[in-house]
Amino acid sequence: MTTQQLTAQIKKKNSFLCIGLDVDLNKIPKHLLELEDPIFEFNKAIIDATHHLCVAYKPNTAFYEAYGIKGWQALEKTIKYLNKNHPEIFTIADAKRGDIGNTSTMYAKAFFEDLAFDSVTVAPYMGKDSVEPFLAFKNKHTIMLALTSNQGAFDFQTKQVDGKELYKQVLETSKNWENSENLMYVVGATKAEYFADIRKIIPNSFLLVPGVGAQGGNLQDVCKYGMSDNVGLLINSSRGIIYASNNKDFAQAAATKAADLQQQMEVVLNS
Ligand code: OMP
């Protein structure tokens, strides 16, 4: 999917919501545990109830890898279900990969070719040659961590390196890499006061913004300082949506939470 197609979907649905599919068997409704593939059944129900309200889904691979082969199969079934039934939806494998070049190429093949995700999250710590193998894939997107939502972001990311914060170095350096038009960046919703500075460096790039809902980030603040001329935001909520209820009405309860965020987004888009 191209960024132009993503922007067109945002305008069509009046939404830049990304729903995080972070499935924890301890949190999903108990009746699903009797089914053969509870993780996939949970995702399918959530997708069926919410696909008209969001433009992206983001399974975090940790929640699948934790269940071994069965978890990985559920991830595969989920991405196939999305690509078959909702090909207009942007898919993010939240895997936070990145390694020496030939290893990164294999990670990229795993998520872009075998699983056919539109994008994957990548850590920038190993530098240019660890990220460029992901960027080489046409019409696929590499979402690089810039300023993360957690407290530990202040351990390294905001430290000065050569007179500038490290996350700013990451943004400035990476925007000159080959195929950098395929780059997006992660900026946490809990860091709203940093968005204006970030937009000075990357005015048009898409930002994946986790941290609203369970982590306390504020949607309006993110939009005020982070929105680009072409929207340029994908705001993610995982637990705040998918665990709205753990009864039989869980999918409907998730849709209600998603609709609440979508309506707030519609107001921002029309203002
Ligand atoms: P909730 O806090 O439940 O909405 O989930 C947030 C999701 O975004 C999880 O899958 C996190 O792993 C992910 N995330 C962050 O919370 N903070 C970040 O800085 C980056 C990510 C991410 O890359 O998506």
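The values are calculated or read from the model by the stated rules, or taken from the named source; none is laboratory data. None of these values were measured; they are calculated from a predicted model. As a convention, Cβ positions derive from the backbone with ideal geometry for all residues, glycine included, and neighbour counts pool all protein chains shown.
In region 172-200, what residues are within 16 Å of the ligand (Cβ to nearest atom) and hydrophobic (A, V, I, L, M, F, W, C)?
Those that are within 16 Å of the ligand (Cβ to nearest atom) and hydrophobic (A, V, I, L, M, F, W, C): Leu183, Met184, Val186, Val187, Ala189, Ala192, Phe195, Ile198.
Pairs, please: C-beta under 8 Å, at least 6 apart or cross-chain, first residue part of a strand (DSSP E or B) and in region 146-172, second away from the ligand (no atom under 16 Å from the Cβ)?
Filtered contacts from region 146-172: Val161/Gln169; Lys164/Glu172; Glu165/Lys159.
Does Lys70 satisfy the condition of being outside any loop (DSSP other than H, G, I, E, B) and within 11 Å of the ligand (Cβ to nearest atom)?
Details: outside any loop (DSSP other than H, G, I, E, B): yes; within 11 Å of the ligand (Cβ to nearest atom): no.
Spelling it out, it is not the case that Lys70 is outside any loop (DSSP other than H, G, I, E, B) and within 11 Å of the ligand (Cβ to nearest atom).
Counting only residues that are touching a Gly at 6+ places or on another chain (Cβ under 8 Å) and assigned to a helix (DSSP H, G or I), which one in region 220-260 is farthest from Ala62 (Cα to Cα)? Outline the logic, then answer.
So in region 220-260, the residues touching a Gly at 6+ places or on another chain (Cβ under 8 Å) come out as 226, 232-233, 236-242, 257.
Filter again for assigned to a helix (DSSP H, G or I), leaving 226, 239-242, 257.
Numbers: Gly226: 28, Arg239: 14, Gly240: 18, Ile241: 18, Ile242: 16, Lys257: 24 Å.
Checking each candidate, the answer is Gly226.
Residue check: is Asp94 in contact with a Pro (Cβ under 7 Å, 6 or more places away or on another chain) and surrounded by 15 or more Cβ atoms within 10 Å (Cβ to Cβ)?
Numbers: in contact with a Pro (Cβ under 7 Å, 6 or more places away or on another chain): yes; surrounded by 15 or more Cβ atoms within 10 Å (Cβ to Cβ): yes.
In short, yes.
So the check is Cβ under 8 Å with 6+ separation or different chains; which pairs have a first residue in region 15-31 that's within 12 Å of the ligand (Cβ to nearest atom) and a second one that's of a type in the set (Asp, Glu) and not in a loop (DSSP other than H, G, I, E, B)?
Gly20/Asp94
What is the one condition in (1) within 11 Å of the ligand (Cβ to nearest atom); (2) of a type outside the set (Val, Ile, Thr); (3) within 20 Å of Ile100 (Cα to Cα) that Ala153 does not satisfy?
Against the list (1) within 11 Å of the ligand (Cβ to nearest atom); (2) of a type outside the set (Val, Ile, Thr); (3) within 20 Å of Ile100 (Cα to Cα), Ala153 comes up short only on (3).
If I filter region 92-101 for residues that are within 14 Å of the ligand (Cβ to nearest atom), outside any helix (DSSP H, G or I) and more than 30 Å from Asp260 (Cβ to Cβ), do I get at least one hit?
Within region 92-101, the first condition is being within 14 Å of the ligand (Cβ to nearest atom), and the residues that meet it are 92-98.
Narrowing the set further to residues that are outside any helix (DSSP H, G or I) leaves 92-98.
If we keep only those that are more than 30 Å from Asp260 (Cβ to Cβ) too, we end up with 97-98.
Yes, there is a match, as at least one residue in region 92-101 is within 14 Å of the ligand (Cβ to nearest atom), outside any helix (DSSP H, G or I) and more than 30 Å from Asp260 (Cβ to Cβ).
Six or more apart or on different chains, Cβ atoms under 9 Å: show the pairs whose first residue is in region 208-223 and over 12 Å from Phe195 (Cβ atoms) and at pLDDT 95 or above and whose second is among the acidic types (Asp, Glu) and in a strand (DSSP E or B).
Leu208/Asp94; Pro210/Asp94
Across region 106-145, which residue is surrounded by the fewest Cβ atoms within 10 Å (Cβ to Cβ) among those that are in contact with a Phe, Trp or Tyr (Cβ under 9 Å, 6 or more places away or on another chain) and in contact (Cβ under 8 Å) with a residue 60 or more places away in the chain?
Asp118
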